[in-house]
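> The following block contains the structure, expressed as structure tokens.
The values are calculated or read from the model by the stated rules, or taken from the named source; none is laboratory data. All values reported here derive from a predicted model rather than from experimental measurement. All Cβ positions, even for glycine, are placed from backbone atoms using ideal geometry, and neighbour counts span all protein chains on display.
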Amino acid sequence: MNSPKLTLVGAGPGDPELITLKAIKALKSADVVLYDHLASQDLLEYAETAELVYVGKRGHKRGISQEQINELIVEKAFEKGHVVRLKGGDPFVFGRGVEEINFVTERGIPASYIPGVSSVNSIGLSGIPLTDRNSADGYWVITGHKKDGSLSSDIALASQSNSTLVILMGMSKLAEIEAIFSSQERTNVPVAIIQHVSTQNEKLAIGTVGSLVALAEENELTNPAVIVIGEVVNALKNGFGEALKEQISIYQRVA
Ligand SMILES: C[S@@+](CC[C@H](N)C(=O)[O-])C[C@H]1O[C@@H](n2cnc3c(N)ncnc32)[C@H](O)[C@@H]1O
């Protein structure tokens, strides 16, 4: 049996080709793969000899807790050897990778990490660059849903800045986000909501942040989705940005 170890692997945003060579090598040498619902199932084909265990929230009637996943990693590592924990996007971007690494290393199991293409870095696939020196000094990536369920107060800070604002896990907080920009009298800032970025189910709607709630409702946009707020939504010119946007299955621009 291989000695116990954990490799935390970023699966990318959904398109199975957006994975690193290092990640494929880890999957090929895995004895067990624990995967979640945001990781493309096509990637499991690389794990030819591994036991495959689904630990995603979706599909489990009562859900599986983070504590149970942590325990399972340890159990499987001692039972079988090399455990690959395959997580959507990048495991260290709102992926609880820290909790899993800390839990197993505390128990004497060595761990390593392979970065993945985050949903954040995939926004460009929808014709929207994260930065453009003409309109964005940088970008913020903030959660819409903190550990206690509340919206991060950093969103109010970001709403006053010259940088692009990217919000993950924010689809249940659209009214609050809209209200923050209204209170700054910045309702005309362009916004994009991108659901299932990089997959065949990708949907994109573009409007202004003053009608964020309506934009999501009218286009039936739900999780998993990223919200991008800033002038960069319209930065790509000469048809290039529009061409990328139009490749998406449901693309709606609201003036
Ligand atoms: C728990 S976080 C995990 C983020 C992931 N580690 C990453 O790097 O993309 C889940 C959130 O990521 C975003 N997300 C992940 N995959 C996505 C995708 N394919 N399209 C749009 N948003 C996605 C959504 O905001 C979703 O609610």
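> Can you name the residue in region 1-60 that is among the basic types (Lys, Arg) and modelled with pLDDT of 95 or more and, of all such residues, is nearest to VAL93 (Cα to Cα)?
Filtering first and then ranking leaves LYS22.
> Condition check: in contact (Cβ under 8 Å) with a residue 24 or more places away in the chain and away from the ligand (no atom under 16 Å from the Cβ). Does LYS76 satisfy that?
Judged against the criteria, LYS76 is a match.
> Please count how many residues of region 84-110 are more than 16 Å from the ligand (Cβ to nearest atom) and under 22 Å from the mean Cα position of the chain (by Cα).
Counting residues in region 84-110 that are more than 16 Å from the ligand (Cβ to nearest atom) and under 22 Å from the mean Cα position of the chain (by Cα) gives 1.
> Would you mind finding the one in ILE128, ILE19 that is in contact with a helix residue (DSSP H, G or I) (Cβ under 7 Å, 6 or more places away or on another chain), within 14 Å of the ligand (Cβ to nearest atom) and in the same structural domain as LYS245 (by TED's automatic domain parsing)?
Matching residue, one of ILE128, ILE19: ILE128.
> Then there's this: What residue, of VAL84, VAL117, VAL33, is surrounded by 15 or more Cβ atoms within 10 Å (Cβ to Cβ), within 23 Å of PRO4 (Cα to Cα) and touching a residue at least 60 places away in the same chain (Cβ under 8 Å)?
Result of the check over VAL84, VAL117, VAL33: VAL84.
> OK, next. Taking TRP140 as meeting all but one of (1) within 16 Å of the ligand (Cβ to nearest atom); (2) surrounded by fewer than 16 Cβ atoms within 10 Å (Cβ to Cβ); (3) not β-branched (Val, Ile, Thr), write down the number of the exception.
Only one criterion in (1) within 16 Å of the ligand (Cβ to nearest atom); (2) surrounded by fewer than 16 Cβ atoms within 10 Å (Cβ to Cβ); (3) not β-branched (Val, Ile, Thr) is unmet by TRP140, namely (2).
> Give me the strands (runs of 3 or more DSSP E) completely within region 158-244, filtered to those with at least 2 residues that are over 14 Å from GLY144 (Cα atoms) and touching a residue at least 24 places away in the same chain (Cβ under 8 Å), ordered by residue number.
190-195, 203-208
> Residues in region 114-121: is at least one modelled with pLDDT of 95 or more and more than 17 Å from the chain's Cα centre (by Cα)?
Checked region 114-121: no residue is modelled with pLDDT of 95 or more and more than 17 Å from the chain's Cα centre (by Cα).
> What are the residues in region 132-157 that are touching a residue at least 40 places away in the same chain (Cβ under 8 Å) and more than 23 Å from GLY14 (Cβ to Cβ), if any?
Selection gives ASP132, ASN134, SER135, ALA136.
> Now for a separate question. Quick check: anything in region 191-206 exposed (fewer than 14 other Cβ atoms within 10 Å of the Cβ) and under 19 Å from GLY14 (Cβ atoms)?
Checking region 191-206: at least one residue is exposed (fewer than 14 other Cβ atoms within 10 Å of the Cβ) and under 19 Å from GLY14 (Cβ atoms).
> In the list ARG133, ARG85, which residue meets the criterion of being basic (Lys, Arg) and under 30 Å from PHE240 (Cβ atoms)?
Among ARG133, ARG85, only ARG133 is basic (Lys, Arg) and under 30 Å from PHE240 (Cβ atoms).
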